[in-house]
Amino acid sequence: MRRMSGMALLPRDRRASIAVDLGAESCRVSLLRWVVGEPVITLVHRFANIPRVSDGGLRWDLGMIEAGLDHGLRLCAAIADEGVRSIAVDGWAVDYVRVDADGRGLADPFCYRDERIKAERSLHRKISPDRLRKLTGVQLLRINTLYQLYADTLHGLPEGSQWLNLPEYVLSRWGGARVAELTNATHTQMVELNNQQWCREIFRAAQLDLACAPKLVPPGTEVGRVSGSLAELTAFRDTVLIAPACHDTASAIAGIPATGDDWAYISSGTWSLVGTLLEQPRNGKAAAEENFTNLSAVGDRICFHKNVNGMWLIRQCVENWAAAGRVWAVPELVAAAEKAKKPEGLLDVDEPELLLAGRMLHRINAQRIKRGFEALDESAENAPAFASLIFHSLAARYAKVLDRVGFHSGKNLKRLFVVGGGSQNDFLNRLTQEATGLEVIRGATESSTVGNFAVQLAVLEGSRDAVTGAYAEQVAQWAALFVAALEQVAARK
């Protein structure tokens, strides 16, 4: 790695890199090239990704995802005549693919919103929630991989096959080793907090075969090289596969080039992940009772945060109105919500019913009635009122969570970085700044892409030790360079 003109960085090897981001609403394939010594990041391919009811459950269309990603890689190969140096994949956590002995997917993977995951009570009779929390430091969410795998067992689904979380599955399909990258693995709720190994006690309680769990590796691990039909393309003949921070939230946080210790984050998308980075986990009684989580982050740090329901609420409402014949674009709806009357009463955005798919307008009104408020008119013409209610409720929830983040972390928080698709919602950002009293700073919309590329370059150009402070510093330097490059492109537009 060489420094150029102040803070600019330039890699020794100027071949391109590819970042794949698997999203619960869309998947993206982005290309990083070096043009006249400057980084240029291009979104080459994006395609919709939604679960569908199939084979008795809500599942992801694995074949569609695989075909879309392969197409994106081939488009990148056609563009990058200098060749592709590396590929890395991040994505949403908790969902997994069961694979056969050759690593082929056995069936379409379940979506974390599938009804079968209501298995936590049964599991808690075998191992208590307090014990799970003490062992893992992870918030108790019924979407966690642990509950899903246990639900598979209860429903008689194959337990003897190995499973891989989705980003790691994609890497293995292209030629990588079968691994579980740590930022993603901790979200399974099956990794011991203190030694970062699979927890035998949890596996025994859930009747899961430890031999089926993949090998744990830290973020920034090279897992192989591209093989198979893709390797026949000139661009991919010597391409390294890297497990970055495979959890897209950890990648998004790695894409925030912030310094100092006075900042928090909201990774705003389908979910809102609200928290801060720590050097050591916080797993005391209060943090456990409030269900904060301690997930691995780049550089042996901790993403200490809480899941808050996010833009999922708006997306579900928009789908309801579209089914009734009125299509609201989200930016249009945000602008209309800003002009709407301030709502009477706020939602508990984290009520379990609001985490489920379908009939969102009805679910919201059911909660309002239960809390003593009048039901809102559910017609599409009244969409701005619903959106205003959701945004005010989210901002209020963010403020409460961030107050507790400051308490548990001991930090004097002054800045709040908002990254992800929700960062473009200026109305929600303003409400959040008013509710929290923090300076809200809009980060990169595709911050997970930035963090993905930053980890790749830090691995390829810097220290091979992916858990040192120096490594984390290198990731931040590359992230700063990529964010600046994206900002310059946006300014020219």
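Key figures
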read-out: For the range 129-258: relative contact order, % (alpha-carbon pairs under 8 angstrom, 6 or more apart); value: 28
read-out: Charge-dipole axis of the chain as Lys and Arg at +1 and Asp and Glu at -1 on Cβ define it, positive-most pick from Q316, Y471, I41; value: Y471
read-out: Mean Cβ neighbour count within 10 Å, used as a protection proxy, ranking 354-366, 9-21 highest first; value: 9-21, 354-366
read-out: Listed residues S86, S229 arranged by accessible area, highest first, probe 1.4 Å; value: S229, S86
read-out: Cα centroid separation - the range 438-452 against the range 35-81, whole Å; value: 21
read-out: Space enclosed by the convex hull of the alpha-carbon atoms of the range 1-129, per residue, Å³; value: 180
read-out: Dipole-positive endmost among T221, T183, P281 within the chain (Cβ charges, Cα centre); value: P281
read-out: The range 43-144: GluC sites (Glu not before Pro) in DSSP loop, at most 12 other beta carbons within 10 Å; value: none
read-out: The chain - accessible surface per residue (Å², probe 1.4 Å); value: 40
read-out: Sparse-neighbour loop sites [trypsin sites (Lys or Arg not before Pro); the range 384-425; at most 15 other C-beta within 10 Å; DSSP]; value: K414
read-out: Proximal charge balance of N320 [Cβ under 12 Å; K/R count +1, D/E count -1]; value: +2
read-out: Sparsely packed trypsin sites (Lys or Arg not before Pro) within the range 90-199, loop by DSSP, other Cβ within 10 Å at most 13; value: R104, K118, R125, K126
read-out: Relative packing of 386-393, 279-286, which averages over residues the other C-beta atoms within 10 Å, highest first; value: 386-393, 279-286
read-out: Sulfur and carbon atoms: percent of accessible area, the chain [1.4 Å]; value: 51
read-out: Candidate lysines for bridging to K341, where Cα separation is under 30 Å - those fewer than 8 sequence places away on the same chain excluded; value: K306, K370, K400, K414
read-out: Mean Kyte hydropathy of 1.6 or more with a Cα span along the axis of at least 27 Å, helices from DSSP in the chain; value: none
read-out: D_trans [Stokes-Einstein, Kirkwood Rh over alpha-carbon pairs] for the range 70-137, 37 °C, 0.692 mPa s, µm² s⁻¹; value: 199
read-out: Residues with amide H under 5 Å from that of I441, placed H, sequence gap 5 or more; value: L416, F417, V418
read-out: For the range 304-429, projected area of the alpha-carbon convex hull averaged over all directions, nm²; value: 8.2
read-out: Kirkwood hydrodynamic radius of the chain, Cα pairs, Å; value: 23.0
read-out: Euclidean distance between Cα centres, the range 300-355 to the range 182-216, Å; value: 33
read-out: Cα gyration tensor, the range 169-220 - rounded (a/c under 1.5), prolate or oblate; value: oblate
read-out: Kirkwood Rh and Cα Rg combined as Rg/Rh, the range 240-325; value: 1.09
read-out: For the range 366-381 and the range 108-143, distance of Cα centres in Å; value: 31
read-out: Prolate/oblate/rounded label for the range 316-381 (Cα gyration tensor, a/c 1.5); value: oblate
read-out: Extension reserve of the L106-A375 stretch, reckoned as 0.36 nm per residue once the Cα distance is removed; value: 92.3 nm
read-out: Gyration tensor (alpha-carbon) shape descriptor, the range 114-204, a/c threshold 1.5; value: oblate
read-out: Sequence-distant residues sharing a close amide H with T221 (under 5 Å, placed H); value: A243
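The values are calculated or read from the model by the stated rules, or taken from the named source; none is laboratory data. Keep in mind that what you see is a predicted model, and the values were worked out from it rather than measured. No Cβ is skipped: glycine too gets one built from the backbone with ideal geometry, and neighbour counts run over all protein chains shown. The accessibility values were calculated without ligands, DNA or RNA, using every heavy atom of the protein model including side chains. Shrake-Rupley method; radii C 1.70, N 1.55, O 1.52, S 1.80 Å.
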